[in-house]
Structures are given as structure tokens and as C-alpha cells.
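This report concerns only the one structure given below.
Coordinate-derived values only; no laboratory data. Here the structure is a predicted model, which is why all the values come from computation and not from measurement. Quick reminder, even Gly has a Cβ in these numbers, built from the backbone with ideal geometry, and neighbours come from all protein chains shown.
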Amino acid sequence: MKKVYTCFTTDIIHEGHLNIIKEAAKLGKVTVGALSDKALIRYNRFPTKSLDERVALYKTIDGVDDVIVQDDMTYDAVIEQIKPDIVIHGDNWKNGPEKALRENCLAALKQYGGELVEVGYTYNETVSKADLQLKEKLAMPEYRRKRLRQLIEMCPIVKVMEAHSGLTGLITEKTVVENNGRLDQFDGMWVSSLCDSTDRGKPDIELVDMTSRLRTINDIMEVTTKPIILDGDTGGLTEHFVYNVRTLERMGVSAVIIEDKTGLKKNSLFGTEVSQTQDSIENFSAKISAGKKAQLTDDFMIIARIESLILERGMEDALERAFAFRDAGADGIMIHSRKKDPAEIFEFCDRFRSKDSRTPIVVVPTSFNEVTEEELASHGINIVIYANQLMRAAFPVMRKTAEEILKNHRAYEAESHLMPFKEIITLIDEL
Ligand code: SPV
Ligand code: MG
């Protein structure tokens, strides 16, 4: 009997999967690979079932003889390990980023004369409904909220992109690229005070109130499933912060990052060019403790952002604050810098990690943007936030388009750098 292999990445079994197994069983003895969590979150979407539950689920399907774990999303290792005569897959991977996985699979099979069989992908209402239901489950507050903590455990580094609207949320949610033969995507979203303010044409000075910030978050949540980190500025008055913690937690936000400044906050990228006041260790620690006391789940995270390097108060001050804020209950530390070189960030992280191997560290490499995710991870950094790039990307093209239309008294000349709306709306889900 021939050995047939297929890999599943799903949390629910629908007609499409049953069809693949039915076709596979006609060809021989069927082994299903359950893709590991770490591969699944890059390839497809976050799991709502554990790996053990997925394995158990796949075992219940009629026609499945064995279920194994496929650790990597590429097929070469698993094919080398079990040497199937046939790999069977839906034909939907012939185009788009998944094409690279198909090529990898074909090359591995070619080594010994294995065969790839592709079956027509099942597109129907039940299948798309099942898919939508999974997405809706992931968007529920209880699933979304805890996902950041889960990702920190699962990934070498959690990759977070700025979102300031439903549309930028959708771009962060849905952009998948092929990179060195593997698929990649962002893990979560940063609701930046700078971008949220700028999108409203307002300065980043805590002028946009929490009610408006919550509306932005809600717009993003309506159309996405990935976890959200809110830039909470200074957190405001402690007496207000505790209420906001409750609200954010109830909505399903995963974390709020508050910075140790007080009075009129200005954006950190101005550094010492503007006058800014750093909060005392005592006051800021009390704010963190009060926030931690207010929260009701173990999922929500309050992350303390240290501005000592931005305000040129020195490394010792930054480290002293990091340990104090952690001891006050902070679930993570964000260290910020506006140097082009990441040296001071690395020094901070190495020294912090020499005494604390667990507390998550967050960085925002806007100015030290040559640094790679791998380098950041090697210094013990857990979360990287790309804090403003989507807004900065859109702005120049919007301005250029406005200028071109004014100059030419028509829109024709601008058309070459505009995306047809038909293409934009492919991002938008229909119920
Ligand atoms: C933001 O995105 O609003 C931030 C990060 O706070 S920074 O602009 O670098 O201060
Ligand atoms: Mg900010």
C-alpha cells in the first residue's frame, strides 16, 4: 500500500478537508501532519485549539491512519523523515506566497521519485462560513486579549505593526509574504498615540482623549483578530488610569504601554529639543501598581516605558527604573532610544537580562532602523514595534497626488501610482 501524506493547518474540519482525505484514502494509507503552533502562526492564523487538540481532531477523521506533527511549514524535513510515495494538497497553493511551499515540496519529492497530487480546492458557502466563524472566535475579547502573552512564549520575537484605522488594521492583519521559502506575517498591532493623533490632524500631546482612542481601537477590532497594544501615553492621572485599564481589558486589548513622563507629554522623537518632565520612580510605580490591582484577568499586560535614554538621564537611571517598575508589578519593560545606533538599547537589554531572564522587553526601532529582528532577539528583546511606518508611507503619496491633480487640472497623471479600488476592497470581508 502506498504512503500518502497531507498537512493540515486547521482548527475545524469542513468539507474541503474531508474531500482531501477521501481522495488520499483512495491512493493509500493516509498520514496527516498537524502543523506546529510556531509554524502555524506565521503560515496561517493563530490556533484556537492546542496542538494536542488538533492532533486528536485529525485522528477522528475517517480514512486517517496516522497523525504526526509537522514542525516546520516547509515540507523537506517531514518528507525526508517519512518518505511518502504521494503528498496530497489542495490546488490553492499554486499561486501567491504559498507557491514557495509547493516548490519546496516538489523538490523534496523529486529526490526519490515521490509524487504530488493536487485536488480542486472546495469553495462553497459552508467552507467560507466555517472560515469566518474561526475568525470571529479569534476576534472575541477572551481570545484576543491573552494572545500577546501566548505569542511571547511561542516566538523568538513578536512583530507588531502600527495601525490607526480599520484599513491599516486590515493591512497588518492580512499581509503575508514569502521570505526565504517560508511565509511570514505580523503578530499584532500598535495603536500609536503619534499616528492616532496625526490621523486626526492633532499634535501628539495627549490631546486626543481616551474616548477617541477607544473608537480607533474599536474600528480596528471590528475587522481584525490580532492582539492590540495600546500606546497609553503617560497613563494620565492614576485615578483615571485604573478605569481605563478595566475598559481596555474588557474590550480585549492585550496590553497598554505607559511612559514615565508627567505634565505635558510630547513625542519622544523630539527628545531634549522640547521640555519634558520625567515622572518620579515612586509616582510612576504607584500608577503601575494601581493599574495592576484594577485588572481582573491574568491576561492583560501593563508595560512600563522608560524615557531615561530619550531624555539623556543615563543608563543607570534607566536600569534603576526598569527594576523598580518591574517590582511595582509591570508585566514588561519598553526601553526607548532615538539614537541611530542600537548600542545603548543593547547595553540596557544585556544588563537587564543579566539579572532578569523573563520580564518581556519591548523596543521601537524607529531611529535605529537598520537593526534586524534576529539581532534584537539575540539581546533578549521579546517584542518589536514598527510604530509609525504605515502612516509615513501613505502621507507622501497622498500629498503628491493632491499636488498632481491641482497642477494638471485632472486626475489622469496621478493614476499611475494609485491602486484601483477593486484591489483595495479585496481586503474587506463580506458577511
Ligand atoms: C508612538 O508611536 O506614539 C510612540 C512611539 O509613542 S514614539 O513615536 O517613538 O515615541
Ligand atoms: Mg506615543
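Just the number, please: percent antiparallel of the DSSP beta bridges in the chain, rounded to the nearest 5. Just about 10 percent of them are antiparallel.
Cross-link partners for LYS400 among the aspartates and glutamates, with Cα-Cα distance under 19 Å and sequence neighbours closer than 8 places in the same chain left out: ASP199, GLU413, GLU415. For the Cα atoms of the chain, what angle does the longest principal axis make with the long axis of helix 343-355, in degrees from 0 to 90, nearest 10? Around 80 degrees separate the two axes. Name the shape class, rounded, prolate or oblate, that the alpha-carbon gyration tensor gives for the range 3-130, where a ≥ b ≥ c are the square roots of its eigenvalues, rounded holds for a/c under 1.5, and otherwise prolate holds if a/b is larger than b/c and oblate otherwise. It comes out rounded by the Cα gyration axes. Structure remark: mean-square fluctuation, Gaussian network model of the chain, C-alpha springs under 10 Å; the largest value among SER128, SER36, SER416 belongs to SER416. Multiplying the residue separation of ASP52 and SER280 by 0.36 nm and removing their Cα-Cα distance gives an extension gain of 77.3 nm. Note on the range 192-228 and the range 52-74: Cα centroid distance 41 Å, given to the nearest whole angstrom. Report, in degrees rounded to the nearest 10, the 0 to 90 angle that the Cα long axis of helix 389-408 makes with the longest principal axis of the chain. Relative to the chain, helix 389-408 is tipped by roughly 90 degrees. Taken over the range 131-224, lysine pairs spaced eight or more positions apart, or on distinct chains, with alpha carbons under 24 Å apart number 9. Rounded to the nearest 0.05, the FRET efficiency derived from the C-beta distance between PHE270 and GLN389 at R0 = 25 Å is 0.85.
Suppose R0 equals 22 Å; then what is the FRET efficiency for PHE421 and ASP131 from their Cβ-Cβ distance, rounded to the nearest 0.05?
Taking R0 as 22 Å, the efficiency between PHE421 and ASP131 is 0.35.
Ranking request for peptides 137-143, 240-246: highest mean number of other beta-carbon atoms within 10 Å first, then the rest in descending order. Please list the in-between numbers first.
On the way: 137-143: 15.3, 240-246: 17.6.
Packing proxy ranking, top to bottom: 240-246, 137-143.
Cα centroids of the range 118-157 and the range 18-50: 14 Å apart.
Of all DSSP bridge pairs formed entirely within the range 140-387, close to 15 percent run antiparallel.
Please work out how much length the chain gains when fully extended from ILE68 to MET398, using 0.36 nm per residue of separation minus the C-alpha to C-alpha distance, in nm with one decimal.
Numbers: separation 330, 0.36 × 330 = 118.80 nm, distance 5.02 nm.
Once the chain is fully extended between ILE68 and MET398, it gains 113.8 nm.
Computing FRET efficiency as 1/(1 + (r/R0)^6) for ALA77 and HIS409, where r is the C-beta to C-beta distance and R0 is 56 Å, gives about 0.40.
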